[in-house]
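Structure first, then comments.
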Amino acid sequence: MNLTLWIATGLLAAVALLGGTSKTFFPKARLDAHPASWTSRASTGFVKALGVLELLAAVGLVLPAVLDVAPVLVPVTAVCWVVLMVGAMITHGRLGQPRLVLLTAGYLALAAFVAWGRFFVVPL
């Protein structure tokens, strides 16, 4: 189970790192050009703030456990990711993007699994 939780955590961290990097460092115009983009309706500051949150999530999912410094932050970060994904699902739902709602629901389920596993099954 520990290995499964590490794999799930690594996948979530990779998703957060990729999303956070693009939102934080790519120009908003480039993000707006994507066909399934929601960023055209959001301010640049909001998009950049979400990007920073995603980068912090990537760090919070891995480093506390690897460094053995406040490892309880791993499941706490996973719970925060669940909350973030609820907001993403609402946004994609309002924009009529059912595929992205399903993808985001998958990320939410993965984060919930990590939170449950690290809080109750195999705590760090």
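No lab work stands behind these numbers, since they all come straight from the coordinates. All figures in this text were calculated on a predicted structure; none of them were measured in a lab. All Cβ positions, even for glycine, are placed from backbone atoms using ideal geometry, and neighbour counts span all protein chains on display.
Of all residues in the range 54-70, how many are farther than 13 Å from Thr9 by Cα, surrounded by fewer than 18 Cβ atoms within 10 Å (Cβ to Cβ) and of a type outside the set (Gly, Ala, Ser)?
Keep residues of the range 54-70 that are farther than 13 Å from Thr9 by Cα, which gives 54-56, 67-70.
Filter once more, keeping what is surrounded by fewer than 18 Cβ atoms within 10 Å (Cβ to Cβ): 56, 67-70.
Retained after the next criterion (residues that are of a type outside the set (Gly, Ala, Ser)): 56, 67-69.
Residues that pass the stated criteria total 4.
For the subset of the range 19-31 comprising residues that are buried (at least 16 other Cβ atoms within 10 Å of the Cβ) and among the charged types (D, E, K, R), which member is farthest from Tyr107 (Cα to Cα)?
Lys28
Output the number of residues of the range 6-38 satisfying the condition of being touching a Leu at 6+ places or on another chain (Cβ under 9 Å) and either touching a residue at least 12 places away in the same chain (Cβ under 8 Å) or within 11 Å of Val114 (Cα to Cα) (or both).
Quick first cut of the range 6-38, residues touching a Leu at 6+ places or on another chain (Cβ under 9 Å) only: 8-13, 15-17, 19-24, 36-38.
Cutting the leftovers down to either touching a residue at least 12 places away in the same chain (Cβ under 8 Å) or within 11 Å of Val114 (Cα to Cα) (or both) gives us 8-13, 15-17, 19-24, 36, 38.
Here the count works out to 17.
Quick check: is even one residue across the range 77-85 more than 18 Å from Ala14 (Cβ to Cβ) and of a type in the set (A, V, I, L, M, F, W, C)? Walk me through how you get there before you give the answer.
Going through the range 77-85, the residues more than 18 Å from Ala14 (Cβ to Cβ) turn out to be 79, 83.
Within this subset, residues satisfying the condition of being of a type in the set (A, V, I, L, M, F, W, C) are 79, 83.
Scanning the range 77-85 turns up at least one residue that is more than 18 Å from Ala14 (Cβ to Cβ) and of a type in the set (A, V, I, L, M, F, W, C).
Please name all residue pairs, on different chains or six or more residues apart, with Cβ atoms under 6 Å, provided the first residue is in the range 60-89 and is touching a residue at least 12 places away in the same chain (Cβ under 8 Å) and within 14 Å of Trp116 (Cα to Cα) and the second residue is buried (at least 17 other Cβ atoms within 10 Å of the Cβ) and of a type in the set (D, E, K, R).
Taking only residues 6 or more apart or on different chains, the pairs are Val74/Arg118; Pro75/Arg118.
Quick check on the range 1-18: of everything there that is under 10 Å from the mean Cα position of the chain (by Cα) and small (Gly, Ala, Ser), which residue is surrounded by the most Cβ atoms within 10 Å (Cβ to Cβ)?
Of everything passing the filter in the range 1-18, Ala16 is surrounded by the most Cβ atoms within 10 Å (Cβ to Cβ).
Hand me the list of helices (runs of 4 or more DSSP H) wholly inside the range 5-124 holding 2 or more residues that are of a type in the set (Gly, Ala, Ser).
44-67, 73-94, 98-116
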